Amino acid sequence: MAEDATGGTGTAGHGRPWSDLPRELADHMRPNLDEVADDMIAEIQGRVREYDRPGDGPYSGTLRLAVERVLHHFVERVADPAHEPGDLADFFRAIGRGESGEGRSLDAMQSAMRVGGMVAWRRIADGAAALEVDPRTLGAVGEALMLVQDELAAAAAEGYAQAKAAVAGEMQRRRKRLLDLLFADPPAAPEAIADLAAAAAWPVPRTVAAVALGRPPAGSHHPAFPPDVLSDLTRRTPSLIVPDPDGPGRARLIDRALAGTHAVVGPTVPVAEAARSVQWARKTLALVDRGVIESDGGVVRSVEHMSTLILFQDEDLISSLAALRLAPLAHLRVSQQDRLAETLLAWLQSGRNANEVAMRLHVHPQTVRYRLRQLEELFGDQLLDPDQRFDLEIVLRARALLASGAGEHLLATVHEAVGETGEIVSLRR
């Protein structure tokens, strides 16, 4: 059989050191268990401050029960190495869960176990001298005592971890429900938000900003976020709520927390309007994914791209307006459309100054004037009408954003919108 953790063979408890212990040793131990228990309890209460509660009936009772059960288990295991910790291990798991529930660490319990173990070893050593126990047997008794301590400490740690995980899991579920409530449209009642926020241990801030996260590359993970940030990374669009995003130092904190991620921060809004912030963050993220908005590998903020968001709020409408206003270009080759559209946009943006257009486009002023004459012939009086010039700048800006950010495959849809047939085609892929 395979060697077990105790160094013997078979199941835990059947190998060394238990196999080296004379069975009759248990008979010598049993009559002294009550006296040993009293000594252990007195020593624990005297040396471990957290256990110094002689007037606390329930607490002292639990301590005595634990000490007595450990002693009886040890003696029974000496008498029968096959005796398993079973119920005693469950008892110490329960102690671990209780310590977690009370908000304490396991330090005091582990100190108590060490003190109790020292008292037990002292009494065993005294008794072994009287019985003239040989050194090998005495060493096996000491090893067995330490093994029992390790087993029970491990059981307590397991119960402690289970309780911590359960509390953390429940708290995370509450925080996810709170995130759902904040993103609800129409908004939830302030009272409902306040109640669930209290249950989730989340102080309700004055303002928030939502964050929309792209999926991390294969093999990577989203980073950990500060404890006051609500997060749900299981959504189709993983999302966060950042409290008081405009407070002192908060922008730097957000940037550090989101470093290396594909993230968009929505506008700062009152708590009741968190749904609006996440909607704009998601729309911005979609335009980043398409290349319409450049991220440069850093955190993107929706408020820095509001005009682009407005422009792409209804792409069917932009497509329709492009087909209408850019119809004079429809009969030209695609390359001609691109040159003239670029020139017309630069002309509108530069106050209709041909020399500035030449500087912007890095072409000769005479080339610009030639193109402008073409545009005057194609568009005629439209270039004199302020409203139509405004419409032209809108559709040309959208066209330029798609051309610069989304690549040729997406720009082709813009050409279709003002193509040879003049039919209206959506700008979407």
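FYI, it's all coordinate maths here, none of it is from the lab. The structure displayed is predicted, hence computed values, not measured ones. Positions of Cβ are generated from backbone atoms using ideal geometry, with glycine treated the same way; all protein chains shown enter the neighbour counts.
Numbers for the structure displayed
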read-out	value
Helix 386-405 vs. the chain, principal-axis angle (Cα, 0 to 90°, nearest 10)	50 degrees
Shape of the chain, Cα gyration tensor, a/c cut at 1.5	prolate
Label-point gap, in nm, between Arg373 and Ala26 - each point 7 angstrom along Cα→Cβ	11.3 nm
Contour minus Cα-Cα distance for Arg235 and Ala198 (0.36 nm per residue)	11.0 nm
Fewest-first sequence of Trp280, Trp347 by Cβ atoms within 10 Å of each Cβ	Trp280, Trp347
On Cα atoms only, tilt of 107-131 relative to the major axis of the chain in degrees	20 degrees
In order through the range 32-43: 3J(HN,Hα) via Karplus (6.51 cos²θ - 1.76 cosθ + 1.60), integer Hz, x for Gly, Pro	9, 5, 5, 5, 5, 4, 4, 4, 5, 5, 4, 5
Placed amide H near Leu230: partners under 5 Å, 5+ positions off or other chain	Ile241
Residue-wise HN-Hα coupling along the range 151-165, computed from phi with Karplus coefficients 6.51, -1.76, 1.60 (Hz; x: Gly, Pro)	4, 6, 5, 5, 5, 5, 5, 5, x, 4, 5, 4, 5, 4, 5
In nm, spacing of pseudo-spin labels at Glu68 and Arg206 (7 Å Cα→C-beta vector)	6.1 nm
Packing-based exposure ordering (other Cβ within 10 Å, fewest first) of Thr137, Thr284, Thr343, Thr308	Thr137, Thr308, Thr343, Thr284
Prolate/oblate/rounded call for the range 18-167, Cα gyration tensor, a/c under 1.5 rounded	prolate
Shape call, the range 70-118: gyration tensor on alpha carbons, a/c limit 1.5	oblate
Exposure proxy ranking, count of Cβ atoms within 10 Å, fewest first, for Glu191, Glu315	Glu191, Glu315
Listed residues Ala155, Ala201, Ala26, most fluctuating in the chain (Gaussian network, C-alpha, under 10 Å)	Ala26
Using θ = phi - 60° and Karplus 6.51 cos²θ - 1.76 cosθ + 1.60, couplings along the range 307-316 (whole Hz; Gly, Pro as x)	5, 5, 4, 4, 4, 9, 5, 9, 6, 4
Degrees separating the helix 408-417 axis from the principal Cα axis of the chain, which is the longest one	40 degrees
Modelled FRET efficiency - R0 45 Å, Ala189 with Glu158, Cβ distances, 0.05 increments	0.60
GNM top mover of Pro226, Pro365, Pro205 - the chain, alpha-carbon springs below 10 Å	Pro365
Helix-only CD estimate at 222 nm, as mean residue ellipticity for the chain, using -39500 (n - 2.57) per DSSP H run (n ≥ 4)	-19500 deg cm²/dmol
